[in-house]
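To start, the structure itself, in structure tokens.
The values are calculated or read from the model by the stated rules, or taken from the named source; none is laboratory data. Predicted model only: the values in this text are computed from it and were never measured. Quick reminder, even Gly has a Cβ in these numbers, built from the backbone with ideal geometry, and neighbours come from all protein chains shown.
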């Protein structure tokens, strides 16, 4: 571990792309500090605040600070860290294997990502609920189609999305999908997708899984959130953020104390 | 050029991600054949047809066939071809430079891409027009915000999106944006974005630009298309597709006859 702790990762534990970056970092025992950057908020810790925008004009999380490097977009951050630290297992160097990672990561933006923008998001942000009552059914339908394609295409061919071991594609996909499943939000049942079900369990057995998802455990099922008023929802989100941040910080510290990873 | 012509690229010339793949291939003089695959159509040449789906379960264009490799998603195809043929100029190997390519390519899916899904698309596909009359104004507003961010972030820092020369990020971005500009669709004026305006002209001066965009020239301004009935619009799209395919095929042949590219 680099004691200088030059790497900072900004975001909140309830953000899917943030978790997709944090989790491999903890597994790989890269030294980093987790800095609060709250989407939609201004001020000192908001992504709309001048401090954050000066460093990250795109205004999105996760965001990476590595000395004088400032980088946005989880896909770019994951490939940057993988290239920098030679994480060839989670970002293969073989031309075709790497292309499979990119194929999924690219496709996911307008597919798997919908699990968060169309279903998870509106549950926790009433302001993000589209007009009309059909948003939830339509969102769940799109998630179902996404699950079907992941099950019958990528996971039919190989045990993980881009080969025989988890890659950055798997970390990204898991964060968008698992949050809705039986372990957390309880909105989607994966049992009609045998390859996906098996993959979900294998991802959930990776090191630090529970700590990295403590925010989702604290948040609990998503349906009851629809009945909360703004104050109650705010308290719930605050508790989940607090629990998630504490668990992630503890996991980072535990990883730091463990035997250093091979260079 | 490899006389075996093992590479096939499927799509239609009016598709932005298809052009983003074809153009660098012609510049780099890779031998390939351009195969018709029409989005939304079934049958022998449609992306919904059984022949296409058997090879490309995602059902999207562009799609790449390279002997037994079948790959979807323009980002994955471009990075695959770049890695395979060592196109290090358009897909840098430096860790940070490559991360900048990925940062743009990843961000673009839910930003620059909207220029096509929210503005260009509905003009040529009445079935893709969202309900209400505001789709066009809202779409143009999102394009304006995208242009502003590209102008003030990426193109403020470097002459091209990820450095001092065009990369796969620039080819992708140009295809989504230029189609709406003064040269083609005439819906967006880039003049309030100085860096973007300069970049558009530099991209337009790259080899084979006019041939690769003959479909857009034939299609002409996008506004008059709104007044056409289904039959008239179909004829217009057919003529643009025919002109684009002929120009691209001629450009591929001309590139084949030129001095072979260094291995």
Next on the checklist: So, in the stretch B:206-238, how many residues would count as being under 17 Å from residue B:121 (Cα atoms) and exposed (fewer than 14 other Cβ atoms within 10 Å of the Cβ)?
Outcome noted: 11
Next on the checklist: When you scan the stretch B:103-113, do you find a residue that is more than 14 Å from chain A (Cβ to nearest Cβ) and either in contact (Cβ under 8 Å) with a residue 24 or more places away in the chain or crowded, with 23+ Cβ neighbours inside 10 Å (or both), even just one?
Outcome noted: no
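So for the stretch B:118-126 (the condition being within 14 Å of another protein chain (Cβ to nearest Cβ), part of a helix (DSSP H, G or I) and touching a residue at least 12 places away in the same chain (Cβ under 8 Å)), does at least one residue qualify?
yes
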Checklist outcome for this item: Those residues of the stretch B:155-169 which are part of a helix (DSSP H, G or I) and without any contact (Cβ under 8 Å) to a residue 24 or more places away in the chain amount to B:157
Next on the checklist: Here is a list: A:35, A:65. Which entry is more than 10 Å from chain B (Cβ to nearest Cβ) and farther than 27 Å from residue B:92 by Cβ?
Outcome noted: A:35
Checklist entry - Where residues in the stretch B:83-102 are more than 9 Å from chain A (Cβ to nearest Cβ) and in a helix (DSSP H, G or I), which of them is farthest from the chain's Cα centre (by Cα)? => result B:97
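Conditions (1) surrounded by fewer than 16 Cβ atoms within 10 Å (Cβ to Cβ); (2) at pLDDT 95 or above, marked per residue:
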{"residue": "B:25", "(1), (2)": "no, yes"}
{"residue": "B:30", "(1), (2)": "no, no"}
{"residue": "B:54", "(1), (2)": "yes, yes"}
{"residue": "B:60", "(1), (2)": "no, yes"}
{"residue": "B:81", "(1), (2)": "no, yes"}
{"residue": "B:84", "(1), (2)": "yes, yes"}
Next on the checklist: Can you tell me which residue is farthest from the chain's Cα centre (by Cα) among those in the stretch A:54-69 that are within 14 Å of residue A:11 (Cβ to Cβ) and part of a strand (DSSP E or B)?
Outcome noted: A:65
Next on the checklist: When you check residue A:75 against the structure, is it more than 11 Å from every other protein chain (Cβ to nearest Cβ) and touching a helix residue (DSSP H, G or I) at 6+ places or on another chain (Cβ under 8 Å), yes or no?
Outcome noted: no
Checklist entry - If you check B:197, B:191, B:172, B:152, which single one turns out to be buried (at least 20 other Cβ atoms within 10 Å of the Cβ) and in a helix (DSSP H, G or I)? => result B:172
Checklist outcome for this item: residue B:131: passes all of (1) surrounded by fewer than 24 Cβ atoms within 10 Å (Cβ to Cβ); (2) assigned to a helix (DSSP H, G or I); (3) outside the structural domain of residue B:21 (by TED's automatic domain parsing) but (2)
Checklist entry - Any residue in the stretch B:125-135 that is under 19 Å from the mean Cα position of the chain (by Cα) and at pLDDT 95 or above? => result no
Checklist outcome for this item: The condition from (1) assigned to a loop (DSSP other than H, G, I, E, B); (2) facing chain A (nearest Cβ under 9 Å) that residue B:80 misses is numbered (1)
